[in-house]
């Protein structure tokens with residue numbers, strides 16, 4: 001458990017939010033950071049303790065220092081779609097720009113903000129520092145943008161409203177968003193509507209209920225449910241569904257999401273982070289979820305940036321939980337390919353993600369959770385059914401598959417690499433959709449980061 005930091009929130013910040021809009025741009029050889037705009041809105045929804053500490057490294061870091069004393073007063077870590085793109089061949093041929101935005105508590109006095117990006121060797125690739133004067137007249141004041149938002153889950157005070165008609169056109173009236181919302185002890189998740197027309201908002205609210213049910217159905221989120229608020233942001237689309245480039249479908253939607261991200265059919269993401277933050281103007285939030293009105297498989301999650309997933313595919317629940325594992329807890333994918341062109345996790349560097357290792361510094365990972373005499377690497381248990389061939393209607397086979405999620409070891413094949421990168425369980429929610437549970441290592445990671453965010 002990390003020690004509580006002695007710094008008080010009120011020493012340096014007011015109860016308001018400073019939004020920092022950036023553009024990250026470049027290619028595989030050279031990257032740049034550009035500041036676009038500063039904005040202020042009422043209320044701060046983030047953590048108020050451990051402000052100068054970080055829990056995970058991510059692929060980037062935002063460090064805030066008091067300008068006068070140079071004392072670190074706030075840290076936020078993240079990853080970006082831009083840095084993921086740098087792993088692909090396209091980044092060797094062309095320069096591209098990606099939007100991103102971050103919220104920090106609004107300072108009482110001038111601050112220095114440093115943005116640092118690192119590569120998969122955890123070496124700094126680019127860095128930029130700028131000073132923010134809270135009295136700057138060009139800091140734009142923002143507030144309610146007219147898009148309705150309603151709480152579908154609120155900490156410890158939910159009164160569930162079940163609905164049996166997803167096309168019913170209604171607005172939830174459970175909570176007044178301006179009153180009695182616990183922003184200091186709960187983690188605030190915002191679900192943004194994508195591909196829902198004005199006439200389909202009843203379906204959107206129904207789908208948001210399904211999100212809450214799915215996310216908190218199993219551990220560890222089930223036990224952590226009272227530490228979250230979930231707000232539904234009803235941003236209307238002109239057309240139903242997202243953009244699907246490979247089918248020639250181009251829709252006008254609030255977040256600009258689309259399949260074919262990085263030319264991968266199922267990779268459904270958005271690059272328009274400034275637009276998303278505009279949609280969330282006036283909404284207290286820490287983590288963003290984009291709920292896409294589609295029955296086609298797809299999604300994506302980037303640590304402390306965004307989660308995207310579809311509403312109506314049969315694997316809705318599984319994809320949602322998996323992608324939120326990425327964006328919320330910084331969990332890596334645990335599956336592997338035999339033909340990856342690039343090395344995502346080099347052998348000379350221990351990954352920052354808590355659920356994969358290259359064995360460079362395994363003691364910093366789950367060595368303390370290993371059973372006695374468990375070999376490293378750990379051989380696969382031949383009694384565990386092959387998830388690709390399993391009959392989901394066979395309870396004994398499914399029980400054996402789910403039981404494999406709870407045996408901790410060091411199994412080779414993770415982070416898209418069949419060699420040199422290792423995962424903590426033979427099967428896990430971060431590896432396949434066929435199992436229900438996270439492995440013990442992922443479970444602990446989720447519990448720990450939730451403790452970090454909600455420490456009092």
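The values are calculated or read from the model by the stated rules, or taken from the named source; none is laboratory data. Just so we're clear, the structure is a prediction, and the values are computed from it rather than from any experiment. We place every Cβ from the backbone using ideal geometry, glycine too, and count neighbours over all the protein chains shown.
Of all residues in the stretch 24-40, those being at negative phi and in contact with a helix residue (DSSP H, G or I) (Cβ under 9 Å, 6 or more places away or on another chain) number 9. Please indicate, with yes or no, whether at least one residue in the stretch 103-112 is over 17 Å from residue 130 (Cα atoms) and either at pLDDT 95 or above or out of contact with any strand residue (DSSP E or B) (no Cβ under 6 Å at 6 or more places or on another chain) (or both). Scanning the stretch 103-112, I find no residue that is over 17 Å from residue 130 (Cα atoms) and either at pLDDT 95 or above or out of contact with any strand residue (DSSP E or B) (no Cβ under 6 Å at 6 or more places or on another chain) (or both), so the answer is no. Taken across the stretch 334-341, residues that are out of contact with any strand residue (DSSP E or B) (no Cβ under 7 Å at 6 or more places or on another chain) and at positive phi do not occur at all.
Condition check for residue 355 on (1) in a loop (DSSP other than H, G, I, E, B); (2) surrounded by fewer than 15 Cβ atoms within 10 Å (Cβ to Cβ): one failure, at (2).
Which one of 428, 442, 421 is at pLDDT 95 or above, crowded, with 22+ Cβ neighbours inside 10 Å and over 21 Å from residue 388 (Cβ atoms)? That would be 442, the only listed residue that is at pLDDT 95 or above, crowded, with 22+ Cβ neighbours inside 10 Å and over 21 Å from residue 388 (Cβ atoms). Going by the structure shown, is residue 151 surrounded by 19 or more Cβ atoms within 10 Å (Cβ to Cβ), in contact (Cβ under 8 Å) with a residue 60 or more places away in the chain and within 20 Å of residue 272 (Cα to Cα)? When the stated conditions are applied, residue 151 does not pass them. For residue 334, the requirement of being surrounded by 24 or more Cβ atoms within 10 Å (Cβ to Cβ), in contact (Cβ under 8 Å) with a residue 60 or more places away in the chain and within 22 Å of residue 75 (Cα to Cα) is not met.
Condition first: part of a helix (DSSP H, G or I) and free of Cβ contacts under 8 Å to residues at least 60 places away in the same chain. Can you find one or more residues in the stretch 407-430 that meet it? Checked the stretch 407-430: no residue is part of a helix (DSSP H, G or I) and free of Cβ contacts under 8 Å to residues at least 60 places away in the same chain. Can you tell me which residue in the stretch 120-133 is farthest from residue 27 (Cα to Cα), limited to those that are surrounded by 13 or more Cβ atoms within 10 Å (Cβ to Cβ) and touching a residue at least 60 places away in the same chain (Cβ under 8 Å)? The extreme case among them is 132. Would you confirm, using the coordinates I've provided, whether residue 385 is in contact (Cβ under 8 Å) with a residue 12 or more places away in the chain and farther than 30 Å from residue 226 by Cα? For residue 385, the condition - in contact (Cβ under 8 Å) with a residue 12 or more places away in the chain and farther than 30 Å from residue 226 by Cα - is met. Taking the conditions (1) more than 23 Å from the chain's Cα centre (by Cα); (2) surrounded by fewer than 18 Cβ atoms within 10 Å (Cβ to Cβ); (3) in a loop (DSSP other than H, G, I, E, B) in turn, residue 399 satisfies each one other than (3).
Selection of the stretch 365-379 for residues being under 30 Å from the mean Cα position of the chain (by Cα) and surrounded by 11 or more Cβ atoms within 10 Å (Cβ to Cβ) yields 365, 366, 367, 369, 370, 377, 378.
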